[in-house]
Structure formats: C-alpha cells, structure tokens
Amino acid sequence: MNGKRIVLCKVISILFLVIVLSVFGVTAFADDSSGAAPISAGDTAWVLTCSALVLLMTIPGLALFYGGMVRNKNVLSTMMHSFISVCIVSIVWVLWGYSLAFGTDISGIIGSLEFLGLSGVGTDAFSGTAIPQLAFMVFQLMFAVITVALISGAIAERMKFSAFVLFAVLWATFIYAPLAHWVWGGGWLQGLGALDFAGGTVVHISSGVAALAAALVLGKRHGYGSENLSPHNLPFTIVGASLLWVGWFGFNAGSALAANGIAASAFVATHIATAAGALGWVAVERIYRGKPTVLGAASGAVAGLVAITPAAGFVGPISAIWVGLGGGLLCYAAVMWKSKLGYDDALDVLGIHGIGGTWGAIATGLFASVGGGTGLFFGNPNQVVTQFVAVGATWIFSFVGTFIILKILDMTIGLRVTKEEEVLGLDLSEHHERAYA
Amino acid sequence: MKFIQAIIKPFKLDEVKDALIELGVQGMTVTEVKGFGRQKGHTETYRGTEYQVDFVPKIKLELAIPDNLEQKVLETIARAAKTGSIGDGKIFVSEVNTVIRIRTGESGEGAV
C-alpha cells in the first residue's frame, strides 16, 4: 500500500511539473505564425475526420470487440481498459508524448522536449504537409491511444485497474513514443528507409509483442485450460470488428496526411485486404474444423486490417488481396499455435496484431509498388531486408521494454487481482458494478 | 393429487402448454434449467479452443393435477414433447399431500 502511494505521488508530481513547464512554453510561442506554408482545406478536413475515425476504432470499436470476448463478469472492466486508455494516453501525448515522438531528432533515438505541453504546436502547416501541426498531432494522438488499448486484450480478466493505469502511462512514454520516433519522427528506422505506411510496426507489432510479454509476466487466468472461458457476447464482438473496419479507413487512408490519390489507394487496399483476411480465416477454419465461425470471420477481418496497415499506401489492389489473405491465414495459424504454447494472451493480441503486423511489414517489402515504395516483387530485394530490420528492432524493443515495465510494476504495486477477486469478476471487484442486472 | 415434473426441449414448450390447456389444466410453472441425460452436451469452438458444454438448456414444467387427469396429462406431455431423437426429456410423477390456495385458504383437489 505504501509503495503504491509513493509511486502515485511521483507520477502526480511529474505531471504537475510538466503542466507548469508547458504553460510557460505556450506563452513563449503564441505569436510565432508568420510566413507559413499554405494550409489545404481539403487535407485538413480529411485528416481531422480521420482522427475522429481512429478514435471510433478504440471506442466503441475495440471496447466492443474485446468486451464481447470476455465472460460477463469482466465485460465492464475490459471495456474500461479501452475507454481509460483514450483518456490517459491523450493527456500523456499532449504533455510529453508528442514531443518525444516528433520533437527534433536526437541521435535517431528520441525526439527533443521542444513540444512539451504542445509548446510550439500550432496552426501552421506541419513540415511536408498542408495541414496544421495541431491536426497532425491529434491524428498521431489517436494512434498512441489505440496502441495501448490493443495491449489490454492480453491482460483481460485478471489485471488490477490501478496497475493498468500506470502501465498505460509508462508504456506510452517509454515504448510507444520512441518507436513512433524511430519510424515516423526522423529516427533511425526512417533513416534506413523502412516502409511503414500506417503503423504495422509502431502500432501492431509493438502492441502484439507487448501483449506477449504481458501474458508471460501476468500468468494465466484462473481456470485457463480447465474452466469454460468462452466469449459472453459475440454480437458485441462482431459490431466491434465492424466498427474497427470502418474506423480503419481513417487509420490507413488518413496516413496519407492529405486528401489525395495515395489516400484513395490506401482506402481501396484496406478494404480489399480486410475482405480477403476474413475469407481466408473462415475458409481455413471450414477446412480444418468443419465449421466456419462468426468469431473467425471477425478475427480474420481484423487480421486483414492489421496486415494491410504498413502496406496500405504502397500496394495495388491485387497485391492487397494477397496481403490480406496472408494475414487471415497466418493469424489463424498463430492463434491455433497459442493453445499449444500455453501462455494466456487472453484475446489473442499477439496472434492477430503481432503476427499480422509482422506479416504486413514483410509483405510491404515484397509487394510495394506505388507511393514511393518498391518491393522485392517489383525489383528491389533490399526493401525486404530493411523491413526485417524494422520488424526485429520493434520485436526486441517492445518485448524487453514491456517486460521491464511490468516487472517493476509487479514489484511495486502488484499486477494481479487476488484469486478471490478474479473469481468474483473484475466488474465487481475493481469497479463495484455489474454489466447486467 | 399428483405433482408432475417434466423436463422437455425448450422449443416444445408452446406445444405442450397448448395441449395441456386443452385438457383443462388450470396452471403450470415453467423454469429454464440446464442438465444432461443420455444426450450429454455439445461442443463449442472459439478461435480453435474447444469447450465441451455438459449442461444443455432445457425447460422444467411443473404442475399439480387431480388424480383423474393423471393418465391424460402424462400421455399429452409425452406426445407433445416428443421428437423421437435423443434428449426429448423425462416426466416425473409424485404424490401431493396437501394443496392450499393462498387467497381463500381452501385446500384439497378444489385448490389445484
């Protein structure tokens, strides 16, 4: 209890310090807006719309997708993970996350603190675009939000809410922000020429691998392998997957950062790959298990979405079919494989986001043909090598970093609820509420 | 007086109820229950994880009847609830010692 208080106090004092610093920063910057590049109304409208679409992915999309897959005693707690991620990561991003990711590059590793508290982030065009930097900032904010929320699928039904809150702050700061910097903020992976259109490495591999680390550190749910842990409301999950599909157009097509041809190309590739991913999963399920499941269709669609994410702006429509289909099939295999390995990644975050993201990143190196990328199948074998480097770096960094963060939290405030609380259900034990009266 | 407990398939409830009302049965109590007999359960699969569900949803129908209706009621339930496949259910019959209608306080067959 004492250790928990000390950690909380430290977090609060750091927050306070940053807020004070940023107030000064903003005042110093306020009148620095002359001689700026022109702002495009169309581009700005598009990116702001897409930012809202990416928020839709997390709430209610992911909240429903995950909420339906847990037991009815944990549905509120699971949906709360997504909801509170939106709130926590948004504040972290504004205070220091954005600056660490997109501040002036320091040795390819991290951004400077120049944008602390959004100091200097205003209505002028963001470099290389015709949208205000604030629009770019909020679009990126939504990405940071969903990445943290995605991890919550691995720790569902057993993690203490207080531990999740602190984890969200630490993970967004020490894992997400550096990775976003490496790939998009002028960091070393961007320097190498790694292609990641909308976040295959930054969002999906990183959250998927973090999920594996989390599942290993937390341990299995009580009753895993012996009790019936089946989903309590698959219609929630289907609605959630469908909202993810819709919101993902913002995620991928919005990553063009302009209302242009690349956005249209990414939009089309995203839709095609999703359809192919769902069909791939359902088909292989029909062949090996005899019945095509609805959960399989939803999972396959998400697998297709994940796979096309790094490739969306770089591949043509027929390549998108292969990328999506590959995502559906590989993620199906990964999810089947999990039950043999015996770790309890409750809602298959590694199987879908980690594996789908890995396939997508490599597939980008194979199929890239438009939007400035050229892959192996179009005459540039080096791209695949670069993609492997990006994938490997993300796997190692996210796994090791997440492992350390969770071990520290486990030693200080503890990660898991008690067995009694777990059996009672987290809705009651952590929130004093029930989903269904 | 007899007390009848019938475990039947849920989708047969309406047929059984209508047939019993036609016989002149005055009331009944219905509960959604789970259980298994020879039918055993079924298998569910979620992302490849298979769960054997042992307890199958059934309907428990309870009614008290005068002795003279016993044979007809048993035949009617058995006929209306029958599909011919495994899992059609069972009927249990027991003696009733006393029945009291709470509103009036009357007892015996008149209270059924």
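Check A:R416: other-chain or 5+ apart residues with amide H under 5 Å from its amide H, H built from backbone geometry?
The list, which skips near neighbours in sequence, is A:K160.
Average partner chain C-beta neighbours within 10 Å, per residue of A:222-232?
2
Per residue of A:281-292, what is the mean number of Cβ atoms on other protein chains within 10 angstrom of that residue's Cβ?
What the average comes to for A:281-292 is 1.
Pick out which of B:I102, B:I21, B:I91 has the largest mean-square fluctuation in a Gaussian network model of chain B, springs linking Cα atoms closer than 10 Å.
Sorting by GNM fluctuation, first place goes to B:I102.
Using a Gaussian network model of chain A whose springs link C-alpha atoms within less than 10 Å, name the residue from A:A333, A:A156, A:A213 with the highest mean-square fluctuation.
A:A333
In the structure displayed, which of B:K2/B:K82; B:K12/B:K34; B:K17/B:K82; A:K340/A:K419; B:K60/B:K82; A:K220/A:K419 lie more than 18 Å apart, Cα to Cα? Please report the intermediate quantities before stating the final value.
On the way: B:K2/B:K82 22 Å; B:K12/B:K34 15 Å; B:K17/B:K82 13 Å; A:K340/A:K419 25 Å; B:K60/B:K82 15 Å; A:K220/A:K419 12 Å.
Over 18 Å Cα-Cα: B:K2/B:K82; A:K340/A:K419.
Normalised by the empirical 2.2 N^0.38 Å for globular proteins, what value does the Cα Rg of segment A:326-408 take? Walk me through the numbers before you get to the answer.
Values: Rg = 15.1 Å, N = 83, 2.2 N^0.38 = 11.8 Å.
Cα Rg divided by the expected 2.2 N^0.38 Å: 1.28.
For chain A, set up a Gaussian network in which alpha carbons nearer than 10 Å are linked by springs, and say which option among A:L325, A:L116, A:L341 fluctuates the most.
Maximum among the listed residues: A:L341.
Summing -39500 (n - 2.57) over the DSSP H runs of n ≥ 4 in the protein assembly as shown and dividing by its residue number, what mean residue ellipticity at 222 nm do you reach, to the nearest 500 deg cm²/dmol?
For the protein assembly as shown, the value works out to -17500 deg cm²/dmol.
Charges only on Cβ, +1 for Lys and Arg, -1 for Asp and Glu: so what's the dipole of chain B about the Cα centre, in debye to the nearest 20?
300 debye
Per-residue HN-Hα couplings for segment A:72-89, Karplus 6.51 cos²θ - 1.76 cosθ + 1.60 at θ = phi - 60°, whole Hz, x for Gly and Pro?
Here the 3J(HN,Hα) series is 5, 7, 10, 5, 5, 4, 5, 5, 5, 4, 5, 4, 6, 4, 4, 5, 5, 5 Hz.
Lys/Arg Cβ at +1, Asp/Glu Cβ at -1, dipole of the protein assembly as shown taken about the Cα centre: which of A:S230, B:G48, B:I65 is farthest positive-ward?
Farthest along the dipole direction, towards plus: B:I65.
Just order A:250-259, A:355-364, A:303-312 by mean Cβ neighbour count inside 10 Å, highest at the front, would you?
Taking the mean over residues of other Cβ atoms within 10 Å, the ranking is A:303-312, A:355-364, A:250-259.
Go ahead and run the numbers for FRET between A:I404 and B:M28, Cβ-Cβ distance against an R0 of 60 Å, rounding to 0.05.
Values: r = 64 Å, r/R0 = 1.07.
Given R0 = 60 Å and the Cβ-Cβ separation, E is 0.40.
Can you give the percent of C-alpha pairs in segment B:2-111 whose distance is more than 17 Å?
In whole percent, the share of Cα-Cα pairs in segment B:2-111 beyond 17 Å is 59.
Give or take rounding to whole Å, what are the principal axis extents of the alpha carbon atoms in the protein assembly as shown, in descending order?
Computed over the Cα atoms, the extents are 100, 56, 44 Å.
Where nothing but the Cβ of Lys and Arg (+1) and of Asp and Glu (-1) is charged, how large is the charge dipole of the protein assembly as shown around its Cα centre, in debye to the nearest 20?
Around 1140 debye, computed over the protein assembly as shown.
Each residue of segment A:92-104 in order: what ³J(HN,Hα) in whole Hz does its phi give by Karplus 6.51 cos²θ - 1.76 cosθ + 1.60, θ = phi - 60°, with x for Gly and Pro?
Rounded to whole hertz, the list is 4, 4, 5, 6, 9, x, 4, 5, 4, 7, 10, x, 3.
Say a site is exposed when it is one of the trypsin sites (Lys or Arg not before Pro), sits in a DSSP loop, and has at most 15 other Cβ atoms within 10 Å; what is then the longest site-free stretch of chain B?
In short, B:41-81.
So which GluC sites (Glu not before Pro) in segment A:388-437 pass both tests, a DSSP loop state and at most 11 other Cβ atoms within 10 Å of the Cβ?
Counting only loop positions with at most 11 other Cβ atoms within 10 Å, the GluC sites (Glu not before Pro) in segment A:388-437 are A:E433.
Give me the distance in nm between label points sitting 7 Å out from Cα along the Cα-to-Cβ direction at A:I396 and A:T418, one decimal.
Label at A:I396, label at A:T418, 4.3 nm between them.
Bear in mind these aren't lab numbers, they're just calculated from the coordinates by the rules spelled out. Here the structure is a predicted model, which is why all the values come from computation and not from measurement. Positions of Cβ are generated from backbone atoms using ideal geometry, with glycine treated the same way; all protein chains shown enter the neighbour counts.
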